[in-house]
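Trainee: There's a structure below that I have some questions on.
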Amino acid sequence: LNQTRAKLKMTEVQKYKDKNGAFGCDDLIQMTRNSSNKMKFKIASVPFHEIILKHRALKKWQNNEKASAVNLLLNSHDSSIRDRVLHYFRNNVYSSYKSSKDKPKNSDNGFLDYQEDCLKKEIPDIQEILKDIPKEWTIVQITSLPTKAQCFSAFGVQKETPQTPDFIIARYSKLSKEPLFAHITPFKSSPSRDGTIGLMAMLNELIQDHNHANRSFRDDKALYWQKRHEHHKQMQQFIRAMELEYVGSWVYLLLGSLPKDYLPSNFDEAVEDLVKLGMSPDHAEAIVASLPYMSLEDLCTVHPAQLAPVENLKIWLKKYQKIKKVIEKARRDPVILILDKVMQGLPWESLECLKNQSVTRVPSLSILKILLDRHKAERVKTLKLNGKAVGCNPPKAFYVLNPEGDLRKVQERLEGIVKAIWGDNGTINSRPDFETLQMKLETEDLFVYLGHGSGTQYIRGDKIVKKLVRPVVTLFGCSSAKMVYWCSRVDPMGTVIHYLIAGAPCCLGMLWEVTDLDCDRMTVQFWQYWLGNLFPALLDSTPPEFANCFSKISKGETEQDLARCASMAKEIASSYINRCALVVYGLPTESFSS
């Protein structure tokens, strides 16, 4: 909005002000259209671009042009964010070479080529993007489909979504010859005390009640813990309903691939037998790899009934029943979720099928590609993508603990551990200096924030994107990964997106408010899993008040994969609603010691 205002004459701003003197979304849309030729960079028609792409996708889906439909849906995810990302990246990269007489050629920095192409073309080539993705990664796109009411509703943010939307899941992997698709029509409503409401509204109501209890019932301990217990049970039920009734039989599309070391000896035989029953090879392989989560009813749902009678599927399932136990505890390869603005609010990572797995999320395939290219670039000073993950050296870190000085208990629990790991390379009980913080975001490998929110009170999002951010970012604060809507038709933005725009390989945060004790438990447990191999003393550094809930972690149980460590650390939280808040945005990232 500020950029648009700056590009236009004051008379034009005055012309589109509403009667109350406010500058609304409709005004911005109209001004953007009228001034698009005056701008230095391309801006999509945000409010209508997404809806148009989705309707075009639905028509192609109905015509059985599924690959084209999914391509359109992928490009509907971030019609406003993508242009902003490309603009920031191009300006930042070129400005870093101001001292050089010759600006870098596109051949030297692959992502510059891609940015220019994206600015010129409406829809990037999905297959070209997938060529550069490591073979171990599985990309899962989840896109909601608009209802007629959403298409013609006002531009303001709706307080609740009245029904659960249909959605399309697309699964991409280099190990598969073709993408796997599914158009899912879930249950349309779910019971609540107020009657019948949609799944999205159900989660929003639960989060609001959770926040209200944390703020209003602290003095009444009995009522507070009663509410905590209720919310714990409600979130468990929500996650269960989300997996069984929302995703349902198509759960196999969410899972990562199985490394060869975890494949049962009769895996290929099971796939071949399922192919003989009429299933395509790629679907058959994905289903066999997901057998612990597939019932006979699920097989009948995802399989064409006319090609395989139920009795044949029942015989096949009984024959390969033992595969379930072998696969159930397998360490799967990373999954990257591409979630649209509706689906990003759901805690997908907390589904039982993704428990203890490496799962990250990004808002679009375009941003994923730009991050990939940036971390492959040799001339840019950044963390490098080697093999299947970005490498991070955690000892090379900067931390901020209790910057406002009002989280006394948090400081008491974490100060000793933080100093034992990183010494004095950070600030405790004091506000960080802006220039120092900005410098550390350009030079360190890891940034650890332990305070209120996401730290934007010390470095705002518009300041973050003006520099190339180097480190992995971990924001252990309430709602640090929450996306904020400007209006219902514009892609939501948040601090984690600003860090991705600035080039951070990944960003850990919380989707909503969490209690400080559970947040600290997850923080310490995460450090023990992720850093225990580098700092063995950390495995014994458990605060006394955590002793009853922590399980002893041996050095052999430590992990290098950041997202997998975050998933395992969730289990330590006493409240399920706090547990589900922890998510990781960006690329799969692993620790190493230089």
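The values are calculated or read from the model by the stated rules, or taken from the named source; none is laboratory data. For clarity, every value in this text was computed on a predicted model and none was experimentally measured. Glycine gets a Cβ as well: all are built from the backbone with ideal geometry, and neighbour counts include every protein chain shown. When the accessible area is computed, the model is the full protein with side chains, heavy atoms only, and any ligands, DNA or RNA have been set aside. Shrake-Rupley method; radii C 1.70, N 1.55, O 1.52, S 1.80 Å.
Trainee: So if each residue of separation counts as 0.36 nm, and I subtract the Cα-Cα distance between Glu128 and Phe592, what length gain in nm does that give?
Mentor: Contour length minus Cα-Cα distance gives 164.0 nm.
Trainee: So, in Å, what gap is there between the alpha-carbon centers of the stretch 229-302 and the stretch 420-486?
Mentor: Rounded to whole Å, the Cα centres lie 39 Å apart.
Trainee: Right, here's the next one. Once you wrap a convex hull around the alpha carbon atoms of the stretch 410-465, what is its projected area averaged over all directions, in nm²?
Mentor: 4.1 nm²
Trainee: Let me ask you something else. Given a Förster distance of 35 Å, report the FRET efficiency between Arg56 and Arg408 from their Cβ-Cβ distance, rounded to the nearest 0.05.
Mentor: Efficiency, rounded to the nearest 0.05: 0.05.
Trainee: In nm, give the distance between the simple-model label positions of Leu175 and Gln237, each being 7 Å from the Cα along the Cα-to-Cβ direction.
Mentor: 3.8 nm
Trainee: So if we plug the beta-carbon distance of Asn64 and Arg460 into 1/(1 + (r/R0)^6) with R0 = 41 Å, what FRET efficiency do we get, rounded to 0.05? Can you show the working numbers first?
Mentor: Values: r = 48 Å, r/R0 = 1.16.
The formula returns an efficiency of 0.30 here.
Trainee: Also, I was wondering about something else. Might you tell me the accessible area per residue for the stretch 498-539, computed with a 1.4 Å probe and given in Å²? Walk me through the numbers on the way to the answer.
Mentor: Working: 710 Å² over 42 residues.
Per-residue accessible area for the stretch 498-539 comes out at 17 Å².
Trainee: With a Förster radius of 22 Å, plug the Cβ-Cβ distance of Cys300 and Tyr262 into 1/(1 + (r/R0)^6) and report the FRET value to the nearest 0.05.
Mentor: Once rounded, the FRET efficiency stands at 0.25.
Trainee: I've got another one for you. Going 7 Å from the Cα of Asn312 toward and past its Cβ, which residues in the stretch 255-292 have a backbone nitrogen under 13 Å from where you end up?
Mentor: Flagged as within label range: 273-280.
Trainee: Could you give the length gained on full extension between His183 and Ser280, defined as 0.36 nm per residue of separation minus the Cα-Cα distance, in nm?
Mentor: 33.2 nm
Trainee: Which percent of the accessible heavy-atom area of the stretch 330-441 goes to carbon and sulfur, probe 1.4 angstrom?
Mentor: It is 47 percent, rounded to a whole number.
Trainee: How far, in nm, would the chain grow between Ser216 and Phe434 when pulled straight, counting 0.36 nm per residue and subtracting the alpha carbon separation? Display every interim value, and only then the final one.
Mentor: Details: separation 218, 0.36 × 218 = 78.48 nm, distance 3.39 nm.
Full-extension gain reported as 75.1 nm.
Trainee: For Ala182, list long-range residues whose amide hydrogen, built 1.01 Å from N in the peptide plane, is under 5 Å from its own amide hydrogen.
Mentor: Residues meeting the criterion, in which the H sits 1.01 Å from N, are Ile169.
Trainee: Order the peptides 514-520, 383-389 from the highest to the lowest mean number of other Cβ atoms within 10 Å of their residues.
Mentor: Ranking the peptides 514-520, 383-389 by packing returns 514-520, 383-389.
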